[in-house]
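Participant: Have a look at the structure that comes next, please.
The values are calculated or read from the model by the stated rules, or taken from the named source; none is laboratory data. Bear in mind that the values here come from a model prediction, so they are computed numbers and not experimental data. A quick note on method: Cβ atoms are made from the backbone with ideal geometry, for glycine too, and the neighbour counts reach across all protein chains shown. Each accessible area value is taken on the protein alone, full model and side chains, heavy atoms only, with ligands, DNA and RNA left out. Shrake-Rupley method; radii C 1.70, N 1.55, O 1.52, S 1.80 Å.
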Amino acid sequence: QQQVKQSPQSLIVQKGGISIINCAYENTAFDYFPWYQQFPGKGPALLIAIRPDVSEKKEGRFTISFNKSAKQFSLHIMDSQPGDSATYFCAANAGGTSYGKLTFGQGTILTVHP
Amino acid sequence: GAVVSQHPSWVICKSGTSVKIECRSLDFQATTMFWYRQFPKQSLMLMATSNEGSKATYEQGVEKDKFLINHASLTLSTLTVTSAHPEDSSFYICSAEPRDSGTYEQYFGPGTRLTVT
């Protein structure tokens, strides 16, 4: 129930295209859904996050879409650039006694071809 | 702002020795820090939650006597891998949430690559 399932495992997109990564969860106590970008040998960097009271959040080229009833959320990267090539992780957090404990998805390796 | 540093960035040690990894929040205070472990091409697994002024809480399956955590101040947490063995070789990453932020936003350090020979 604590799992967050992420797909696809890898994704290849042409420069200028849209990259879409999906995540699904079971635990209805999750109330915070961040996305992280990680480059090889580096720690994850927070990209964008959403709470379940909104269905969409946009920051620059990054958009999170959230479907509470389906327990799914996705990251859309518009106008993908070669510099976006990295591993992307979705995550989820519940409050209460699990406050701060992030459960990560399996990760998606994104490659953007020039 | 919200920068987290780790030291060292990489370390090689011999089997049976202990290694200490430091995690510092440089421009904010954090009552809680988290330690993760990441194997190559895999996701991050939470090991433990480090609480300033109290004992760390460990996730199921993590040996607390092997991975000693000390949260000495509001800006420093340390992870000591005791009696390290080759299977402890991994990428260790810490994160911290700014004190009283209430946002759930966590900021991650750059990670420490541990290789045990």
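Participant: Would you please name the trypsin sites (Lys or Arg not before Pro) within the range B:1-102 that are DSSP coil residues with at most 16 other C-beta atoms within 10 Å of their C-beta?
Facilitator: Here the sparse-neighbourhood loop sites are B:14, B:41, B:55, B:64, B:66, B:99.
Participant: Related question: Order B:10, B:35, most accessible first, counting only protein heavy atoms with a 1.4 angstrom probe.
Facilitator: From most accessible down to least: B:10, B:35.
Participant: Can I ask one more? Mind grabbing the accessible area of residue A:74 for me, 1.4 Å probe, Å², rounded to tens?
Facilitator: 10 Å²
Participant: Under the rule of at least 5 residues apart or a separate chain, name every residue whose amide H is placed under 5 Å from the amide H of residue B:47.
Facilitator: The answer is B:35, B:36, B:37.
Participant: Might you report the magnitude of the Cβ-based charge dipole of the protein assembly as shown about its Cα centre, with Lys and Arg at +1 and Asp and Glu at -1, to the nearest 20 debye?
Facilitator: 320 debye
Participant: What GluC sites (Glu not before Pro) in the range B:34-113 are in a loop by DSSP, with at most 11 other Cβ atoms within 10 Å of the Cβ?
Facilitator: Within the range B:34-113, the qualifying GluC sites (Glu not before Pro) (loop, at most 11 other Cβ atoms within 10 Å) are B:63.
Participant: Quote the charge dipole size of the range B:10-108 about the Cα centre in Debye, to the nearest 20; the model charges only the Cβ of Lys and Arg (+1) and of Asp and Glu (-1).
Facilitator: The calculation lands at about 280 debye.
Participant: Give me the count of lysine pairs in chain B whose alpha carbons sit under 19 angstrom apart, restricted to pairs 8 or more positions apart or on different chains.
Facilitator: The result is 6.
Participant: How many nm separate the modelled label positions at residue B:17 and residue A:9, each set 7 Å beyond the Cα in the direction of the Cβ?
Facilitator: 3.7 nm
Participant: Okay, moving on. Normalised by the number of residues in chain A, what is the relative contact order in percent for Cα pairs under 8 Å and 6+ residues apart?
Facilitator: 37 percent
Participant: Then there is this: Projecting each Cα onto the charge dipole of the protein assembly as shown (Lys/Arg +1, Asp/Glu -1 at the beta carbon, about the Cα centre), which of B:18, B:49, A:93 comes out farthest on the positive side?
Facilitator: Positive-end residue among those listed: B:18.
Participant: Now for a different question. Share of chain A's accessible area from carbon and sulfur, percent, 1.4 Å?
Facilitator: Carbon and sulfur together cover 51 percent of it.
Participant: So, in nm, how far is label residue A:29 from label residue B:10 when the simple model puts each one 7 Å beyond its Cα toward the Cβ?
Facilitator: Those two pseudo-labels are separated by 4.0 nm.
Participant: Can you send over the carbon and sulfur percentage of the accessible area for the range B:51-117, probe radius 1.4 Å, protein chains only?
Facilitator: 47 percent
Participant: Across peptide A:30-42, what mean number of C-beta atoms from other chains lies inside 10 Å of a residue's C-beta?
Facilitator: Average neighbour count from other chains, rounded to a whole number: 3.
Participant: Moving to a separate point now. Under 17 Å from a point placed 7 Å out from the Cα of residue B:66 along the Cα-to-Cβ direction: which residues of the range B:1-42 have their backbone N that close?
Facilitator: Flagged as within label range: B:13-21, B:35-40.
Participant: First measure r as the distance between the Cβ atoms of residue A:106 and residue B:101, then evaluate 1/(1 + (r/R0)^6) with R0 = 45 Å and state the FRET efficiency to the nearest 0.05.
Facilitator: That gives a FRET efficiency of 0.95.
Participant: To continue, here is another question. Scale the Cα Rg of chain B by the rule-of-thumb value 2.2 N^0.38 Å and send over the ratio, two decimals.
Facilitator: Ratio of Cα Rg to 2.2 N^0.38 Å: 1.00.
Participant: Taking the Cα centre of chain A as origin and charging only Cβ (+1 Lys, Arg; -1 Asp, Glu), how large is the dipole, in debye to the nearest 20?
Facilitator: Computed charge dipole of chain A: roughly 60 debye.
Participant: Evaluate the distance, in nm, between pseudo-label points positioned 7 Å from the Cα of residue B:80 and of residue A:46 along their respective Cα→Cβ axes.
Facilitator: Simple spin-label model gives 3.1 nm for this pair.
Participant: For each cysteine in the protein assembly as shown, check whether another cysteine's C-beta sits under 4.7 Å from its C-beta; list those where none does.
Facilitator: Cysteines of the protein assembly as shown left without a disulfide-compatible partner: B:13.
Participant: While we're here: Using Cα pairs closer than 8 Å and at least 6 residues apart in sequence, work out the relative contact order for the range B:44-113, in percent.
Facilitator: Computed over the range B:44-113, the figure is 20 percent.
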